[in-house]
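Asks: Got a structure for you, written out below as structure tokens; questions coming shortly.
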Amino acid sequence: MKNTALTDTHIKLGAKMVPFAGYNMPVQYEGVNIEHETVRTNVGVFDVSHMGEFLVKGPNALALIQKVCSNDASKLSNGKAQYSCFPNETGGVVDDLIVYCVEENEKYLLVVNASNIEKDWEWINKYNDEFGAELVNISDDFSLLAIQGPKTSEVIQQLTPVDLNAIKFYNFEVGAFAGIEHVIISATGYTGSGGFEIYCHNKDVQQIWDQLMDLGIKPIGLAARDTLRLEMGYCLYGNDIDDTTSPIEAGLGWITKFTKEFVNHEALKQEKERGAEKRLVAFELTERGIPRQGYDIVDGEGKKIGNVTSGTMSPSLGIGIGLGYVPSIFAKEGSNIHIQIRKNAIPAKVVKLPFYKNK
């Protein structure tokens, strides 16, 4: 099992550590609900250094990215980022990722999921035979901190000369942060409560972490990260999307651009035009219960029509929420479905995302 540069620090802070995507990671410190509330109302910091980072460089860098990614990276200029996915050749998704444009047409940073680093690396190299871009896997050399919450800017502005309020959503700056030069400060995140993600060398992350702690920022574990992202309806690879689910089914048509050719684009275009047979939907339980991944989704007569891919008791809303795949006929907002929780079919209603709306 791998460690991040901050593993010993998490242990000293009393974090509950668990294996996650091959890494020893902090799942919680004070408790999931407390940490969740901290991010929704104040500011907290996650160590997500297990994520993977690839550099794509050279005159054919953009051409390679356009081939393997569903979104249109030609729209990116320096300092902009974009959510995308790697479609596979059979209609599914290899991974979802963020593409950062460091130098237009010449240099890009791809940030991928920890559990898929090796798979993604092999995938992009397979297609690079045609393009000959320079690829560098820097995953083991870089750390990533996600500082999230509505008060993030006002709390951490004192650590950087970069004007944080000037960095728009899905944009980034490279500058000094907590006394470290050449840090990527990115207005991205996985919580829906605003904030920044900080990319730095492993040797520098302890200094940044310590200065964040000195400001009174609370450390947050992966359990709260999951409840936060689920309240927003953000997909988690391995749960809501995988090698067998298409981006069209998963509601990711908005990052699937048919203005260019990419892996399996023709089949996905046809699927979009005829309509997917099943859809990833968001649902709220209308009676008490907690939906969990793998639970059956059934119709009013108890017949199985799908399965829950992510589910929890929402800390912000106090009700059971989840995502799951159902036939398209059940995917319309307001549709009534049931979640089979042990012997009981608990009624639920299909709702529009996000579950949590910022007030």
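Every read-out reported here was derived from the displayed coordinates using simple, explicitly stated rules and does not represent laboratory data. Given the structure is predicted, the values throughout are model-derived calculations rather than measurements. Counting neighbours? That spans all protein chains shown, and the Cβs are built from the backbone with ideal geometry, glycine included.
Asks: Rounded if a/c is under 1.5, else prolate if a/b is larger than b/c, else oblate: which is the chain, with a ≥ b ≥ c the root eigenvalues of its Cα gyration tensor? Kindly include the intermediate steps, with their values, before the conclusion.
Replies: Numbers: a/c = 1.88, a/b = 1.16, b/c = 1.62.
The shape class here is oblate.
Asks: Hey, fewest Cβ within 10 Å first, where do Arg279, Arg274, Arg225, Arg292 land in order?
Replies: Fewest-to-most Cβ neighbours within 10 Å comes out as Arg274, Arg292, Arg279, Arg225.
Asks: Would you mind calculating the relative contact order of region 53-137 from Cα pairs under 8 angstrom and at least 6 residues apart, reporting the percent as a whole number?
Replies: On the way: 163 pairs, mean separation 33.6, N = 85.
Relative contact order comes out at 40 percent.
Asks: Moving to a separate point now. Indicate the gyration tensor shape class of region 116-272 (rounded, prolate or oblate), computed on the Cα atoms with a ≥ b ≥ c the square roots of the eigenvalues: a/c under 1.5 is rounded; otherwise a/b larger than b/c is prolate and the rest oblate.
Replies: Values: a/c = 2.12, a/b = 1.60, b/c = 1.33.
Prolate.
Asks: What's the ranking of 90-97, 49-56, 252-259 by average number of surrounding C-beta atoms within 10 Å, highest first?
Replies: 49-56, 90-97, 252-259
Asks: I'd like to compare 294-300, 319-325: which one has the highest average count of other Cβ atoms within 10 Å, and what's the full order after that?
Replies: On the way: 294-300: 17.1, 319-325: 24.0.
Order by mean packing, descending: 319-325, 294-300.
Asks: Beyond 19 Å between alpha-carbons counts as too far, so tell me which of Lys304/Lys343; Lys107/Lys168; Lys57/Lys126; Lys278/Lys332; Lys75/Lys272; Lys126/Lys269 fall in that bin. All intermediate terms of the calculation are to be shown ahead of the outcome.
Replies: Working: Lys304/Lys343 13 Å; Lys107/Lys168 21 Å; Lys57/Lys126 16 Å; Lys278/Lys332 11 Å; Lys75/Lys272 22 Å; Lys126/Lys269 23 Å.
In this structure, Lys107/Lys168; Lys75/Lys272; Lys126/Lys269 exceed 19 Å between Cα atoms.
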